[in-house]
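In what follows, a structure is listed as structure tokens, so that the remarks can point back to it.
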Amino acid sequence: MPRNLPGLLDGLELIRQDFPILGRTMADGHPLVYLDSANTSQKPQVVIDTMVDHLERHNANVARAVHQLGGEATEAYEAGREKVAAFIGAQRDEVVFTKNASEALNLVANTLAWAEGDLRVGPGDEVLITEMEHHSNIVPWQLLTERTGATLRWFGLTDDGRLDLSNIDELVNERTKVVSLTWVSNMLGTINPVREIADRAHAAGALVVVDASQAVPQMPVDVVASGADLLAFTGHKVVGPTGIGVLWGCRDVLEKLPPFLGGGEMIRTVTMERSTYADVPSKFEAGTPPIVEAVGLGAAVDYLGHVGMENVRRHEEAITGYLLDGLSSVKGLSILGPKDPHDRGGAVSFELDQVHPHDVAQLLDSRGVAVRAGHHCTKPAHQRYGVQASVRASSYLYTTPEEIDALVEGLEYTKKYFRVD
Amino acid sequence: MSDLDAMYQEIILDHYKNPHHAGLREPYEAEVHHVNPTCGDEVTLRVHLDSTDDDAVIEDVSYDALGCSISQASVSVLTDLLIGKKVKEALDVHEEFLALMQGRGTVEPDEDVLEDGIAFAGVAKFPARVKCALLGWMAWKDATTQVVARTAGPTEEMA
């Protein structure tokens, strides 16, 4: 049984039993210790069963078939949307399904170039991001600014892994058209003051885009209270399937944005000369959508809702605190990012003196401990701290203190293997 | 021997701790910079040949590498193996090393050709690490191809 750490989820052992993969034995008989949930989360049985049941009994295309199965599939797909909306405090029509968070962010960055009126980004405008963004919240804005003649600017980072807001008065100005930032860093774990920055951005007349890929899995998210105008996250990090992401936007903004991809289901009518477009959210969902994925995502957010996101957050804080303590006990290990579990998420990146992150990850893997090694798609943030690559351990609602112990023991073993004192 | 020990052979760890021919040196005819985009490993590598004729000999391979033990040791072993060889012979060694690394652990390495390079046989069983082992080798081939193409015009062998 897990040691009694204040804040751990009640019935953690039962929760673990919901995730069949956690029972797996890895090479040489080691039990799986999965510490890569910031990369992708594992799936509870109810998500797997719901998707299988949909494919076995209700499969059809959505919104275009008159037959019974078509009706059932459409209902299941739209129920997925309603569940996601309820989970993040949104209206159902404000939830757009995409392929992943990257596509959601690209949808916004592309349509802002094509928009008519005050949303349009053009020469002389500024787009403001941060140095701690995932590549998926950097590259789309580089493409947008390069193509439109706008200027890309960014908040730098402080030595302790937070946004440097000292020059916010200069960075957020009358030319600022868009401010796009991550809520929780996938590398440093930092939780950013999204609301505070959003208020400043709005005062300057800018649109606020939030990458919530690491926030929605880990803490209660109310999109309206967040201050965002548009917010993106992905299904597979919230115990749902891959292949589906979410773009939430306040209705008014979504209506002003032009279509992204053209095709079936996003139109009102089509002639050979021109077309008119469907209302949101269909306007942004060209082609057959990820149907069974939406059904699975609905089951996933239902599952998290039953556990309670407040409880998930408390669990993450408890485990992250235990993880930070455990890592601090390893000589020669340095943690990147804030050290206080209360204002950070559950992804902790670190370096081990004299052992390259790949080698650390390989040694840990030989003991069944799965972590990520590399730049975690945050090359600029690594560069900011003079680090080429790092190891990242990330927990979730099913992580136990014993698994953190296995990681720390694995790190000591790694040092011994590479003859580091 | 476990798969892990087969990958992290003593030879590899030795080369990692004490890389041979490390550092960038003059003169050189070509310099390349290769990265492994999935993990961020990087190598800057220079090649210096003694002549421009068909029997050109590799006088020096110098490098500055950032990366894991496998990628670092691999480029160190490469310099031991290739410096002093004719380009033609070096390409054969390259071919042999490539075949070993892409063989998923089924290729029996030829010690006469690969010398310390046979230590990488265990790496071939870890698909995620094969690119690490090949980073320096791909950089060397790229640089050498550039020198030869520039001095003698492209030959079939190099194409």
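Assessment of the stretch A:145-155 against the conditions (touching a residue at least 24 places away in the same chain (Cβ under 8 Å), surrounded by fewer than 22 Cβ atoms within 10 Å (Cβ to Cβ) and of a type in the set (A, V, I, L, M, F, W, C)) yields at least one matching residue. When A:D160, A:D164 are checked against the criterion of being modelled with pLDDT under 95, under 19 Å from A:T378 (Cβ atoms) and charged (D, E, K, R), a single residue qualifies: A:D160. Taking each residue of the stretch A:334-362 that is aromatic (F, W, Y) and looking for partners that are in a strand (DSSP E or B) with beta-carbon atoms closer than 9 Å, six or more apart or interchain, yields A:F350/A:L333; A:F350/A:S334; A:F350/A:I335; A:F350/A:L336; A:F350/A:S390; A:F350/A:V391; A:F350/A:R392; A:F350/A:A393.
A:K415 falls short on exactly one of the conditions (1) away from chain B (no Cβ under 12 Å); (2) assigned to a loop (DSSP other than H, G, I, E, B); (3) closer than 17 Å to B:D5 by Cβ, and that condition is (2). The set of residues in the stretch B:1-14 being within 12 Å of chain A (Cβ to nearest Cβ), closer than 20 Å to B:L81 by Cα and part of a loop (DSSP other than H, G, I, E, B) consists of B:Y8 alone.
Pairing residues of the stretch A:91-104 that are in the same structural domain as A:P289 (by TED's automatic domain parsing) with residues that are part of a helix (DSSP H, G or I) and of a type in the set (S, T, Y), at Cβ distances under 7 Å and at least 6 apart in sequence or on separate chains, gives A:A101/A:S136; A:S102/A:S136. When the stretch A:170-186 is filtered for residues that are part of a strand (DSSP E or B) and either surrounded by 24 or more Cβ atoms within 10 Å (Cβ to Cβ) or free of Cβ contacts under 8 Å to residues at least 12 places away in the same chain (or both), the ones remaining, listed by number, are A:K177, A:V178, A:V179, A:S180, A:L181, A:T182, A:V184. For the stretch A:346-373, taking the residues that are small (G, A, S) and under 19 Å from A:S395 (Cβ atoms), the one that is farthest from the other protein chains (Cβ to nearest Cβ) is identified as A:G346. Selection of the stretch B:61-84 for residues being more than 30 Å from A:L352 (Cα to Cα) and over 13 Å from the mean Cα position of the chain (by Cα) yields only B:G84.
Checking each residue in the stretch A:377-401 for being in contact with a His (Cβ under 8 Å, 6 or more places away or on another chain), within 12 Å of another protein chain (Cβ to nearest Cβ) and in contact (Cβ under 8 Å) with a residue 24 or more places away in the chain picks out A:C377, A:T378, A:K379, A:H382, A:A389, A:S390.
Residues that are open to solvent by 50 Å² or more (accessible area, probe 1.4 Å) and at pLDDT 95 or above are absent from the stretch B:122-129. Tell me, which residue of the stretch A:111-159 that is of a type in the set (D, E, K, R) and assigned to a helix (DSSP H, G or I) is nearest to A:R175 (Cα to Cα)? The residue in question is A:D118. If you filter the stretch B:100-116 down to residues that are touching an Asp or Glu at 6+ places or on another chain (Cβ under 8 Å) and not in a loop (DSSP other than H, G, I, E, B), you find that the one that is most open to solvent (accessible area, probe 1.4 Å) is B:E115. Count of the stretch B:32-55 residues, restricted to those that are closer than 26 Å to B:S69 by Cβ, more than 13 Å from chain A (Cβ to nearest Cβ) and open to solvent by 80 Å² or more (accessible area, probe 1.4 Å), is 1. In this entry, A:P220 is excluded by the filter for residues that are out of contact with any Lys or Arg (no Cβ under 7 Å at 6 or more places or on another chain), under 28 Å from A:G305 (Cβ atoms) and surrounded by fewer than 23 Cβ atoms within 10 Å (Cβ to Cβ).
With respect to the conditions (1) assigned to a strand (DSSP E or B); (2) open to solvent by 20 Å² or more (accessible area, probe 1.4 Å); (3) among the small types (G, A, S), A:A225 lacks only one, and its number is (1).
For the stretch B:56-75, the set of residues classified as within 14 Å of another protein chain (Cβ to nearest Cβ) and either of a type in the set (S, T, Y) or not in a helix (DSSP H, G or I) (or both) consists of B:D64, B:A65, B:L66, B:G67, B:C68, B:S69, B:S71, B:S74, listed by residue number.
Just one of (1) of a type outside the set (F, W, Y); (2) modelled with pLDDT of 95 or more; (3) within 20 Å of the chain's Cα centre (by Cα); (4) at positive phi fails for A:H376. It is (2).
Against the numbered list (1) surrounded by 13 or more Cβ atoms within 10 Å (Cβ to Cβ); (2) of a type outside the set (K, R); (3) not in a helix (DSSP H, G or I), A:V66 comes up short only at (1). Scanning the stretch B:15-31 for residues that are buried (at least 16 other Cβ atoms within 10 Å of the Cβ) and either in a helix (DSSP H, G or I) or within 14 Å of chain A (Cβ to nearest Cβ) (or both) yields B:H15, B:Y16, B:P19.
The values are calculated or read from the model by the stated rules, or taken from the named source; none is laboratory data. Computed from a predicted model, the values in this text were never measured in an experiment. Every residue, glycine among them, receives a Cβ derived from its backbone with ideal geometry; neighbour counts consider all protein chains shown. In case anyone asks, the SASA skips ligands and DNA or RNA and just uses the protein heavy atoms, side chains included. Shrake-Rupley method; radii C 1.70, N 1.55, O 1.52, S 1.80 Å.
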